[in-house]
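Some notes on the structure that comes next.
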Amino acid sequence: MIERRIASIDLPSRPAGLYEPVRYALEGGGKRLRPLLAVQACLACGGTADEAMPAALALEMFHNFTLVHDDIMDRSDVRRGRPSAAARFGSNQAILSGDAMLTFASCLVSQVPARAVAEVTAVFNDMALRVYEGQQLDTEFETRKNVTIDEYFEMIGLKTGALLSAACRIGAIIGDADPATADALAEYGMELGLAFQLRDDWLDTFGDHATFGKPIGGDIVNEKETWMLITARRESHGELDSILAEDLEPQEKIRQVTRLYERLRVGERCDAAAAEHHALAIAALDHAKFSDESLKQFFVDVVDRMASRNI
């Protein structure tokens with residue numbers, strides 16, 4: 001249903017240069033996790049899918065807007081196994097189309113049931129600012145060599161966790177949930193987001209290029225401050241920094257850093273950290289009141305699927 005509704009979003013045909021990249025970004029697929037969480041949270045609290053759908057589409061539109069702009073900032077040429085919007089249409093065009101996507105998202109939010117518009121809009125806008133803050137921290141980390149694990153978790157909580165948390169809270173609000181249930185589902189979304197990013201970082205080094213959808217080792221080449229890099233820097237007594245300081249070809253750099261990761265077992269430990277946050281996500285559900293207790297299983301199943309994902 002979400003895929004059909006995304007495909008049916010009525011975008012103008014002209015100017016094509018503005019709207020074609022929007023269609024291209026939305027047609028790129030993805031897990032549709034954020035709209036799915038919003039719809040299911042609404043259903044779990046007694047609402048309907050139709051009531052939640054405008055917000056669900058807004059969340060997916062906003063998410064794809066951030067990906068379009070992230071790829072420009074990160075100079076990424078590949079997204080979901082095909083050229084990024086910036087690589088396909090050029091950075092200037094992608095910037096403007098991303099701006100349009102943000103406006104479309106705001107318009108969609110205004111279409112939620114009237115009783116929930118003010119609260120949903122406030123949550124959506126607060127989430128957007130948190131995501132921007134997370135992106136700014138991520139950008140600042142590029143010029144630092146002393147990022148801590150706590151700072152890393154602050155950044156991913158803003159950049160990744162805030163959107164999943166807001167999706168759950170917005171769905172709960174539209175479903176007329178009590179405050180404690182909305183808080184519990186938001187906490188579930190935050191913990192799921194933290195685990196999601198940890199798994200994403202792991203996949204960037206140890207995943208399969210054929211299924212992951214982007215080149216393996218990009219975080220290493222770009223010296224991105226991930227849980228694994230921060231941990232390896234702290235524990236390798238200068239060895240990681242020595243490798244990164246060498247003028248190595250990208251594949252050799254990836255090979256040497258990956259070998260160091262394997263020796264320090266940071267990959268296994270990153271996976272274990274993700275599992276801890278998956279467990280916290282499930283625990284948060286105990287504080288939610290569902291219209292039907294059987295609906296809780298969906299959220300547990302999402303955690304199980306995210307824990308073993310390879311894309």
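Please give the contour-minus-distance gain from Gln297 to Gln93: 0.36 nm per residue of separation, less the Cα-Cα distance, rounded to one decimal in nm.
This chain segment gains 69.2 nm when fully extended.
Give me the count of lysine pairs in the stretch 139-267 whose alpha carbons sit under 18 angstrom apart, restricted to pairs 8 or more positions apart or on different chains.
The result is 6.
Among (1) 73, 50, 31; (2) 54, 39, 37; (3) 59, 50, 31, which one is Cα extents along the principal axes in Å computed from these coordinates?
Recomputing Cα extents along the principal axes in Å here picks out (3).
Leaving out same-chain residues fewer than 8 places away, which lysines sit with a Cα under 27 Å from that of Lys289?
Here the lysines satisfying the reach criterion relative to Lys289 are Lys31.
Can you tell me the relative contact order of the stretch 224-306? Whole percent, Cα pairs under 8 Å, sequence separation 6 or more.
26
Which percent of the accessible area of the chain is formed by carbon and sulfur heavy atoms (probe 1.4 angstrom)? Walk me through the numbers on the way to the answer.
Values: 7320 of 14070 Å².
So the carbon and sulfur contribution to the accessible surface is 52 percent.
Under a point-charge model restricted to the Cβ atoms of Lys and Arg (+1) and Asp and Glu (-1), what is the dipole moment magnitude of the stretch 194-281 relative to its Cα centre, in debye to the nearest 20?
For the stretch 194-281, the charge dipole is close to 200 debye.
Mind ranking Cys107, Cys42 by accessible surface for me, highest first, 1.4 Å probe?
The residues order as Cys107, Cys42, largest area first.
Given a 1.4 angstrom probe, what's the average accessible area per residue across the stretch 1-101, in square angstrom?
Using a 1.4 Å probe on heavy atoms only, each residue of the stretch 1-101 averages 43 Å².
Can you give me the relative contact order of the chain as a percent, contacts being Cα pairs under 8 Å and 6 or more apart?
19
Evaluate the charge dipole of the stretch 30-92 about its Cα centre and quote only its size in Debye, nearest 20, assuming +1 on the Cβ of each Lys and Arg and -1 on the Cβ of each Asp and Glu.
Computed about the Cα centre, the dipole is about 280 debye.
Only Cα pairs within less than 10 Å get springs; with that Gaussian network setup on the chain, which residue of Glu276, Glu246, Glu154 has the largest fluctuation?
Glu246
With a cut-off of 8 Å between alpha carbons and a minimum separation of six or more residues, what is the relative contact order of the stretch 17-129 in percent? All intermediate terms of the calculation are to be shown ahead of the outcome.
Details: 120 pairs, mean separation 34.2, N = 113.
That works out to 30 percent.
With a 1.4 Å probe and all protein chains kept in place, how much accessible area does His278 have, in Å² rounded to the nearest 10?
Taking all protein chains as shown, His278 has close to 10 Å².
Suppose accessible area is computed on protein heavy atoms with a 1.4 Å probe; arrange Glu119, Glu187 from highest to lowest.
Glu119, Glu187
Assuming a ≥ b ≥ c are the square roots of the Cα gyration tensor eigenvalues, decide whether the stretch 1-106 counts as rounded (a/c under 1.5), prolate (otherwise, with a/b larger than b/c) or oblate.
Numbers: a/c = 2.40, a/b = 1.80, b/c = 1.33.
Judged from the Cα gyration tensor, the stretch 1-106 comes out prolate (a/c at least 1.5, a/b above b/c).
Cα convex hull of the stretch 29-162: mean projected area in nm², to one decimal?
9.1
With every protein chain kept in the model, how would you rank Val131, Val221 by accessible area, 1.4 Å probe, largest at the top?
Listed by decreasing accessible area, they come as Val221, Val131.
With Kirkwood's inverse mean 1/r over C-alpha pairs for Rh, give me the Rg to Rh ratio of the stretch 116-161, two decimals please.
Reported Rg/Rh (Cα atoms, Kirkwood Rh): 1.14.
Rolling a 1.4 Å sphere over the protein heavy atoms, what is the accessible area per residue of the stretch 133-189, to the nearest Å²?
For the stretch 133-189, the per-residue accessible area is 38 Å².
Quote the charge dipole size of the chain about the Cα centre in Debye, to the nearest 20; the model charges only the Cβ of Lys and Arg (+1) and of Asp and Glu (-1).
With Lys and Arg at +1 and Asp and Glu at -1, about 760 debye.
Please state the equivalent ellipsoid semi-axes for the stretch 188-296: what are the square roots of 5 times the Cα gyration tensor eigenvalues, largest first, in whole Å? If you can, show how the numbers build up before the last one.
On the way: eigenvalues 229, 45, 18 Å².
Calculated on Cα positions only, the semi-axes equal 34, 15, 9 Å.
How big is the accessible area of Asp74 in square angstrom, nearest 10, if you roll a 1.4 angstrom probe over the protein chains?
60
Per DSSP helix of 4 or more residues, -39500 (n - 2.57); summed, then divided by the residues of the chain. What does that give at 222 nm, rounded to the nearest 500?
So the calculated ellipticity at 222 nm is -22500 deg cm²/dmol.
Among the helices of the chain (complete DSSP H runs), which have Cα atoms covering no less than 30 Å along the helix axis and a Kyte-Doolittle mean of at least -1.0?
On the way: long enough: 49-73 (35 Å, 0.43); 117-141 (36 Å, 0.07); 179-206 (40 Å, 0.02).
Long hydrophobic helices here: 49-73, 117-141, 179-206.
The values are calculated or read from the model by the stated rules, or taken from the named source; none is laboratory data. Keep in mind the model is a prediction, meaning the values are calculated, not measured. When we count neighbours, we look across all protein chains shown, and the Cβ atoms used for this are built from the backbone with ideal geometry, even at glycine. Keep in mind that these areas ignore ligands, DNA and RNA; they rest on the heavy atoms of the full protein, side chains included. Shrake-Rupley method; radii C 1.70, N 1.55, O 1.52, S 1.80 Å.
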